[in-house]
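A quick write-up on the structure given underneath.
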Amino acid sequence: MDRLHETFVRLCEIRSPTGEEREVADTLLAELRALGLEAEEDDAAGPAQAGAGNILARLPGRSDRWAMFCAHIDTVPHEGQVEVVEDEGVFRSRGETILGADNKAAVAVFIELLRRHVEDAPAVGIELLLTVAEEQGLRGAKAFDPGRLRSDVGFVLDHAGPVGEVVVATPTQQQIGAEFAGVEAHAGIRPEDGSSAIAAAAAAVSRMQLGRLDEATTANVGTIAGGTAGNVVPGHCVIAAETRSLDHERVAAVAGEISDACAWGASEHGCDVDVRIEELFRGYRLPPSSPALGLAEAGLRAAGQEPVRAEIGGGSDANALRLDGFDCVLLANGPEDVHTHDERVTAASLDTMLEVCEGIVEAAAEAG
């Protein structure tokens, strides 16, 4: 197993669900500083509700131009310890856990990229941004100050798709939380004295349009919880819903419709409802003139990969960075079935993405 693959396995086996990033952050800071790099941790831990802050490291190049590469170091929650196995060039978890290739596959690639160029300076300077709390609303990237960057362009390797995909459009996501308040009563003796918060929530959900609403828009109710016992008319119920769309106005309209359905359900069953709508991330569509897009596609071609432009239904740190006016692009880096026990990534994908990053660095130098 070569150095890149060993780094990937070692990072995956360090536990780092959102809020528990301290150990992996300390490990990465120590390794980056051991390479002689300038590496700093910001104060995002508090506002991002994370176990550590974002890490920014720099390796100067042969010119005064810079390129930024970004990945996140947190994972989704999981039970137990990750143990990685490799079988015929495919990395998986041995047990009933995630693998953590989302997003440690990218972190390992970036560490190897820097190692390659510690003695042989890259064509342009490399900035490495490692964020926290990405899996919970991009909170680390939202708390990062892009004004600290020397780069004009950035590359986020966090799309679970085949190497070669370049994401040119992502949705806006709005989260809707509704808390229904009814009146408790004994369900067998005087149910007529009660107002069921669960019935109100169920009525509201039945009135919502859910699933794929059109080619660019989805809506979902993910959880519903309430009540205290089977013999009590429930006085409390909470639902969590979301909607996403590549059309910003459409997502706002759907969130409004979900809110209206909650108000209707509460009214029909004699309950009150408090609805909260929060935008978790803002979508974007890359302009064809984006320098980051051009460099990403040049880097892919240099590595023998034909770029495929894609529109997706998820978000990444690129959403937060682009909202702040920073030109960056999201690239696929090969993991499959992320966030599940079947998560996997091939050694070939890791190797290819390293060569893509090398190609981006060279393309950035030529563009200058």
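Within region 259-301, restricting attention to residues that are open to solvent by less than 90 Å² (accessible area, probe 1.4 Å) and among the hydroxyl-bearing types (Ser, Thr, Tyr), which residue is farthest from His236 (Cα to Cα)?
Across region 259-301, the extreme among qualifying residues is Ser290.
Just for region 330-368: of the residues that are assigned to a helix (DSSP H, G or I), within 15 Å of Arg92 (Cβ to Cβ) and of a type in the set (A, V, I, L, M), which one is most open to solvent (accessible area, probe 1.4 Å)? Please lay out each step first, then the result.
Kept after step one, since they are assigned to a helix (DSSP H, G or I), are these residues of region 330-368: 347-367.
With the extra rule that they be within 15 Å of Arg92 (Cβ to Cβ), the set shrinks to 347-350.
Imposing the further condition that a residue be of a type in the set (A, V, I, L, M) reduces the set to 347-348, 350.
On the way: Ala347: 15, Ala348: 62, Leu350: 2 Å².
Among residues in region 330-368 that are assigned to a helix (DSSP H, G or I), within 15 Å of Arg92 (Cβ to Cβ) and of a type in the set (A, V, I, L, M), the one most open to solvent (accessible area, probe 1.4 Å) is Ala348.
Quick one: Ala50 ticks every box in (1) touching a residue at least 60 places away in the same chain (Cβ under 8 Å); (2) surrounded by fewer than 20 Cβ atoms within 10 Å (Cβ to Cβ) bar one, so which box is it?
(2)
Please go through region 175-194 and give me each residue that is within 26 Å of Glu257 (Cα to Cα) and surrounded by fewer than 21 Cβ atoms within 10 Å (Cβ to Cβ), ordered by number.
Just the residues of region 175-194 that are within 26 Å of Glu257 (Cα to Cα), to begin with: 175-183.
Once the filter is applied, which keeps residues that are within 26 Å of Glu257 (Cα to Cα) and surrounded by fewer than 21 Cβ atoms within 10 Å (Cβ to Cβ), region 175-194 yields Gln175, Gly177, Glu179, Ala181, Val183.
Kindly provide the set of residues from region 79-111 that are of a type in the set (D, E, K, R) and either surrounded by 22 or more Cβ atoms within 10 Å (Cβ to Cβ) or without any contact (Cβ under 8 Å) to a residue 40 or more places away in the chain (or both), ordered by number.
The initial filter retains those residues of region 79-111 that are of a type in the set (D, E, K, R), namely 79, 83, 86-88, 92, 94, 96, 102, 104.
Within region 79-111, Glu79, Asp87, Glu88, Arg94, Asp102, Lys104 qualify.
Would you check which residues across region 188-231 are touching a residue at least 40 places away in the same chain (Cβ under 8 Å), of a type in the set (A, V, I, L, M) and closer than 20 Å to Ala266 by Cβ and list them?
Ala197, Ala199, Ala200, Ala201, Ala202, Ala203, Ala204, Val205, Met208
Tell me, which strands (runs of 3 or more DSSP E) lie completely within region 161-269 with 3 or more residues that are more than 30 Å from Val338 (Cβ to Cβ) and modelled with pLDDT of 95 or more?
Working: elements: 165-170, 172-181, 211-214, 217-226, 236-245.
Those strands (runs of 3 or more DSSP E) span 172-181.
On the given criteria, is Val124 within 16 Å of Leu354 (Cβ to Cβ) and open to solvent by less than 10 Å² (accessible area, probe 1.4 Å)? Quick ask: steps written out before the conclusion?
Working: within 16 Å of Leu354 (Cβ to Cβ): no; open to solvent by less than 10 Å² (accessible area, probe 1.4 Å): yes.
So Val124 does not fit the description; no.
Among Gly46, Gly19, which is assigned to a helix (DSSP H, G or I) and of a type in the set (Gly, Ala, Ser)? Show your work before the answer.
Values: Gly19 fails: assigned to a helix (DSSP H, G or I).
It is Gly46.
The values are calculated or read from the model by the stated rules, or taken from the named source; none is laboratory data. Everything quoted here is computed from the prediction, not taken from an experiment. We place every Cβ from the backbone using ideal geometry, glycine too, and count neighbours over all the protein chains shown. Protein only, heavy atoms only, side chains kept; ligands, DNA and RNA dropped before computing areas. Shrake-Rupley method; radii C 1.70, N 1.55, O 1.52, S 1.80 Å.
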